[in-house]
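First comes the structure, then the notes that go with it.
Where a number appears in this text, it was derived from the coordinates with a stated rule and is not lab data. All of these numbers come straight from a predicted model, not from anything done at the bench. Quick reminder, even Gly has a Cβ in these numbers, built from the backbone with ideal geometry, and neighbours come from all protein chains shown.
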Amino acid sequence: MTKKTISIFILSLALGGSVQAQSFVDAVKDGLSPLTNLVNSDKQELPADSVAKKNTPKKNVQALTLKDGTVYVGEMKGKRPHGQGKAIYKNGDIYEGGFVKGLRNGQGEYRFKDGERYVGDFKDGHQHGEGVYTFSDGRKYTGKWESDFQHGYGRMDYPNGDFYVGFWVEDERSGSGSYFFAEGASYVGEWKNDKRNGMGTFVWPDNSRYIGAWVDGKRSGHGVYTAADSTEYDGAWLNNLYDGNGTLSYANGDKYVGMFKAGEFNGHGKYTYADGSFYAGDFKDGVREGYGKMLFPGGAVYEGGWKGDLRSGKGKYIWGNGDVYEGDWEDDTMNGTGIMRKSNGIKYKGGFLDGLEHGVGVAEDKSGTRYEGTFENGMRHGKFIVKDKDGKVVRECVYNSGNAEQ
């Protein structure tokens with residue numbers, strides 16, 4: 001056996017035994033390529049290759065243009081895409097991934113003409129299962145899908161650094177979820193129709209917080225707001241404002257309990273100051289207006305009309321020393337007609353101006369003697385008639401700025 005024949009014989013043994021070896025030798029003698037001879041001969045097929053051909057289905061890979069104008073390159077079954085493939089749609093969108101009976105199924109990537117992209121699961125031609133969608137405006141959603149909708153649990157990242165983690169229903173935040181703002185604020189609670197709806201907690205960057213009910217993204221219903229300085233409101237809300245019955249406790253110890261409207265004291269309420277003084281009565285747009293009672297520091301009490309946070313109209317004021325005024329008020333002072341009764345027994349009935357006796361009036365001392373005449377800036381001024389306690393005229397005299405003239 002020549003050296004060349006030995007080499008061919010060794011190769012033939014490696015390829016499968018004596019039959020193949022003899023074939024290689026004969027082929028060389030006949031001047032043929034031994035490898036070509038093996039490929040063209042069924043008898044020379046290797047056992048492993050035979051098994052592979054029986055178990056591996058033949059793939060039908062085609063490149064064609066479908067009736068709707070889609071250019072498709074990939075596996076086919078019958079006349080429909082089936083298996084792995086790439087579709088370039090007439091509108092410029094591109095899909096690469098799995099197909100079943102002509103529809104997108106399994107894992108795939110869909111790139112939209114406007115730059116948006118979805119990578120994930122498909123079912124019956126729809127985004128369905130787990131997937132990541134990148135929007136053209138920079139948003140990115142990672143999570144559950146159902147029939148092309150964000151549906152189930154998922155996370156949305158926003159281009160400004162905000163992100164939401166929670167449940168979705170047909171592309172809208174719905175159910176329980178948490179929204180974190182880039183600047184440090186956060187909301188944890190219930191959602192509906194893509195807005196905060198139900199019970200939830202909102203925390204601001206300064207650590208002030210609201211715990212309570214929400215309607216369409218606004219604080220509405222019952223809730224508790226605690227400010228950074230510990231001021232706290234506990235009560236009814238409407239459109240982010242105090243509205244209804246509530247309690248507002250200030251950091252300095254003051255407290256208001258009563259009705260609110262559009263964020264202000266409105267209706268009946270009681271405001272108690274840290275020093276123990278209080279006002280109980282009517283409010284309008286955050287100030288005392290209507291009828292109310294005020295207990296001042298030191299024990300003085302006013303009860304009567306108010307306007308623009310000032311005593312106005314009819315009212316009664318009792319000083320801490322026992323003096324009493326009852327009558328007209330304007331701009332927080334005694335103005336108009338009233339009666340002043342002092343603890344020392346002196347009484348005055350008549351006109352008042354800027355808190356002083358002014359105009360026609362009657363002054364009565366503790367003995368019952370009455371001085372009837374005109375007053376000016378709190379003093380008798382002009383002609384007076386003096387009567388005793390029985391009403392008998394004692395004398396007539398003239399006063400000048402409180403001094404009797406001879």
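Counting only alpha carbon atoms, the long axis of helix 3-14 and the longest principal axis of the chain meet at about 50°. Taking 7 Å steps out from each Cα toward its Cβ at Thr247 and Val394 produces label points 5.8 nm apart.
Using the Cβ-Cβ distance between Ala185 and Lys113 with R0 set to 41 Å, the FRET efficiency works out to roughly 0.65.
Between Lys77 and Glu130, what is the FRET efficiency for a Förster distance of 35 Å, r being their Cβ-Cβ separation, to the nearest 0.05? It comes to 0.85. Translational diffusion of segment 154-260, estimated by Stokes-Einstein from the Kirkwood radius over alpha carbon pairs at 25 °C in a medium of 0.890 mPa s, is 169 µm² per second. Treating the angle as unsigned and between 0 and 90°, give the value, to the nearest 10°, between the Cα long axis of helix 18-29 and the longest Cα principal axis of the chain. Roughly 70 degrees between the two axes.
Rounded to whole Å, give me the distance from the Cα center of segment 120-163 to that of segment 307-363. Rounded to whole Å, the Cα centres lie 74 Å apart. Projected label points at Val386 and Trp204, each 7 Å from Cα along the beta carbon direction, are separated by 6.8 nanometres. With q set to 0.11 Å⁻¹, the log10 of I(q)/I(0) for segment 232-363, from the Debye formula over equal scatterers at the Cα positions, is -0.46.
Cα-based radius of gyration for segment 123-202, normalised by 2.2 N^0.38 Å, reads 1.09. Both the radius of gyration and Dmax for segment 331-406 are 12.2, 39 Å, in that order, over alpha-carbon atoms.
For the chain, list log₁₀ I(q)/I(0) at each q in 0.10, 0.11, 0.13, 0.14 Å⁻¹, using the Debye formula over Cα point scatterers of equal strength and ignoring solvent, two decimals each. Values returned for q = 0.10, 0.11, 0.13, 0.14 Å⁻¹ are -0.90, -0.97, -1.09, -1.16.
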